[in-house]
Amino acid sequence: MLHANENYARIKPTYLFAEIAHRVAEYQRANPSAHVIRLGIGDVTEPLAPAVIAAMHRAVDDEGGRGEFHGYGPEQGYGFLREKIAEFDFRRRGVGISAEEILVSDGAKCDCGNFQELFSEDVKIAVGDPVYPVYVDSNVMAGRRDIALLPCTAENGFVPSPAGCDADIAYLCYPNNPTGAVATAAQLQEWVDWANARGSLIIFDAAYEAFIRTPGVPHSIYECAGAKKCAVEIRSFSKTAGFTGVRCGYTVVPDGLCAYHADGTAVELRPMWTRRQTTKFNGASYITQRGAEAVYSPEGLAQTKAAVDFYLGNARIIKEALSKSGYSVTGGDDSPYLWVDVKGDSWGFFDRLLTAANVVVTPGAGFGSAGEGYIRVSAFNSRANVLEAVRRMEKAL
Ligand code: PLP
């Protein structure tokens, strides 16, 4: 008998987006002429920056023999990209991270899901509730049962405190998906001090870093004193530069960051992660990495910032409209997501918006029990669709 990994039976079914799709399809069947606008998705809608496209065209020419052909590349990523990341994402913000500490991948989701492989099955995990489900599901698949859900509520500003947390690994995500909340420097420092005091690890997901505009909000966990001793940081080009379909991200694993064998022997995480990646991953493509490198060119920086500013403009429009209609809204200032307190059943509110405004949002309950009573509204859409959706929501609400 072929014995299945029974841990898969313990993962909650991913019914959220399937259920949304089902309800929207049912509604469209009954109302074929309705123009439904989707503000539920977490995918970008703007095209890639011209500087990125030009760089990728040049890379295709390289691969076609007009320049230097590249086959398998280094699994950790090409030096040309790792140097740019270290310089622009960290050193220019006063954070000392070297190119060697950066490991390029084909997106943040894989790194979020795979990094837990470096730790034993019995480590305790802590995540926020509501949560980006990858942190939980990847640990459940690996057989871990001890997963603490830290409620992120209006009372704590959607940033849980580490006080009383006895986890070995805490996943933090700021700006947050789904709440759109950001953590202050003091809040992140409290987590870093907690991790260093306990010998715990923080896995910091900064996939939405490019949306931070408020001065003083940390862009990286490494802005906190002592973070290189207790944290890895995962970043993505998906929302920064519209790479959701191109696929590129990276993880920072600082020098000297260690876990321990049962006999107390220290083992450095970067060689372990490198070993894991060289065994199971063959690198992001050369063409992709040339495109990512172009994000850091003067034109690339300006063009990708303009696209993020555009989404933030959408977020402002949605936030103003919902606030005017009397709803309490978090997020949207430093994030593409708005987390709206609907003071009641989140699926009920979803149905109401679908039928009365033909607008699709994401019910907060789908991200965890603390998400009940909220909806997530995404600012990833065209301006015309956002304006029309807002007009209809104002009327319906
Ligand atoms: N982390 C968070 C919090 C996300 O919301 C997402 C995507 O929506 C990812 C990671 C995955 O990013 P990528 O497209 O780089 O895999």
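Condition test on VAL95, is it buried (at least 18 other Cβ atoms within 10 Å of the Cβ), over 16 Å from the mean Cα position of the chain (by Cα), farther than 19 Å from ARG247 by Cβ and not basic (Lys, Arg)? Walk me through how you get there before you give the answer.
On the way: buried (at least 18 other Cβ atoms within 10 Å of the Cβ): yes; over 16 Å from the mean Cα position of the chain (by Cα): yes; farther than 19 Å from ARG247 by Cβ: yes; not basic (Lys, Arg): yes.
Criteria met by VAL95.
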Next item on the list: Provide a single number: the residues in the stretch 257-301 that are open to solvent by 60 Å² or more (accessible area, probe 1.4 Å) and not β-branched (Val, Ile, Thr).
Entry: 14
Next item on the list: Identify, from the list PHE88, PHE69, the residue that is without any contact (Cβ under 8 Å) to a residue 24 or more places away in the chain and among the aromatic types (Phe, Trp, Tyr).
Entry: PHE69
Check: Only one of these conditions is not met by LYS228: (1) away from the ligand (no atom under 15 Å from the Cβ); (2) open to solvent by less than 30 Å² (accessible area, probe 1.4 Å). Which number is it?
Finding: (2)
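Looking at ALA292, is it not assigned by TED's automatic domain parsing to the domain that holds GLU87 and not in a loop (DSSP other than H, G, I, E, B)?
No, not satisfied.
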Note to self: Tell me yes or no: at least one residue of the stretch 52-64 is assigned to a loop (DSSP other than H, G, I, E, B), over 25 Å from the mean Cα position of the chain (by Cα), surrounded by fewer than 19 Cβ atoms within 10 Å (Cβ to Cβ) and assigned by TED's automatic domain parsing to the domain that holds GLU233.
What the structure shows: yes
Item checked: Total residues in the stretch 65-74, condition farther than 25 Å from GLU299 by Cα and open to solvent by 50 Å² or more (accessible area, probe 1.4 Å) -> 4
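Would you be able to say whether some residue in the stretch 346-367 is under 27 Å from VAL127 (Cβ atoms), part of a loop (DSSP other than H, G, I, E, B) and at pLDDT below 95? Spell out the reasoning first.
So in the stretch 346-367, the residues under 27 Å from VAL127 (Cβ atoms) come out as 346-350, 360-367.
Now narrow it down to the ones that are part of a loop (DSSP other than H, G, I, E, B): 361.
With at pLDDT below 95 added as a condition, the list becomes none.
No, the stretch 346-367 contains no residue that is under 27 Å from VAL127 (Cβ atoms), part of a loop (DSSP other than H, G, I, E, B) and at pLDDT below 95.
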Next item on the list: Give the number of residues within the stretch 302-349 that are within 22 Å of the chain's Cα centre (by Cα) and either under 18 Å from SER382 (Cβ atoms) or buried (at least 19 other Cβ atoms within 10 Å of the Cβ) (or both).
Entry: 27
Item checked: Residue among SER325, SER297, SER382, SER335 that alone is more than 30 Å from ASN156 (Cα to Cα), in contact with a helix residue (DSSP H, G or I) (Cβ under 8 Å, 6 or more places away or on another chain) and in contact (Cβ under 8 Å) with a residue 24 or more places away in the chain -> SER297
Notebook entry, point to check: On the given criteria, is VAL134 open to solvent by 10 Å² or more (accessible area, probe 1.4 Å), under 20 Å from the mean Cα position of the chain (by Cα), closer than 23 Å to ASP43 by Cα and within 15 Å of the ligand (Cβ to nearest atom)?
Noted result: yes
Next item on the list: Go through the stretch 239-256 and give me each residue that's open to solvent by less than 10 Å² (accessible area, probe 1.4 Å) and near the ligand (Cβ under 9 Å from one of its atoms).
Entry: PHE243, CYS248, GLY249
Next item on the list: Would you mind telling me which numbered condition in (1) surrounded by 14 or more Cβ atoms within 10 Å (Cβ to Cβ); (2) assigned by TED's automatic domain parsing to the domain that holds ALA206 GLY40 fails?
Entry: (2)
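Residues checked against (1) within 16 Å of the ligand (Cβ to nearest atom); (2) closer than 24 Å to GLY332 by Cβ; (3) not assigned by TED's automatic domain parsing to the domain that holds GLN116:
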site: ALA142; (1), (2), (3): no, no, no
site: PRO162; (1), (2), (3): no, no, no
site: PRO175; (1), (2), (3): yes, yes, no
site: PRO178; (1), (2), (3): yes, yes, no
site: ALA185; (1), (2), (3): no, yes, no
site: ASP205; (1), (2), (3): yes, yes, no
site: PHE211; (1), (2), (3): yes, yes, no
Checklist line | Matching residues in the stretch 107-117 - criterion: being buried (at least 19 other Cβ atoms within 10 Å of the Cβ) and either farther than 19 Å from PRO254 by Cβ or within 11 Å of the ligand (Cβ to nearest atom) (or both) | finding: GLY107, ALA108, LYS109, CYS110, ASP111, CYS112
Note to self: Can you tell me which of (1) within 18 Å of TRP273 (Cα to Cα); (2) within 12 Å of the ligand (Cβ to nearest atom) is the one SER120 doesn't meet?
What the structure shows: (2)
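Aliphatic (A, V, I, L, M), touching a residue at least 40 places away in the same chain (Cβ under 8 Å), assigned to a helix (DSSP H, G or I) and touching a Cys at 6+ places or on another chain (Cβ under 6 Å): does that describe ALA284? Give the derivation first.
Details: aliphatic (A, V, I, L, M): yes; touching a residue at least 40 places away in the same chain (Cβ under 8 Å): yes; assigned to a helix (DSSP H, G or I): no; touching a Cys at 6+ places or on another chain (Cβ under 6 Å): yes.
No; evaluated as a whole, the condition is false for this residue.
The values are calculated or read from the model by the stated rules, or taken from the named source; none is laboratory data. Since we're looking at a predicted model, the values are computed, not measured. So basically every Cβ, Gly included, is an ideal-geometry build from the backbone, and we count neighbours across all protein chains shown. Accessible surface is based on the protein model in full, side chains and every heavy atom, while ligands, DNA and RNA are left aside. Shrake-Rupley method; radii C 1.70, N 1.55, O 1.52, S 1.80 Å.
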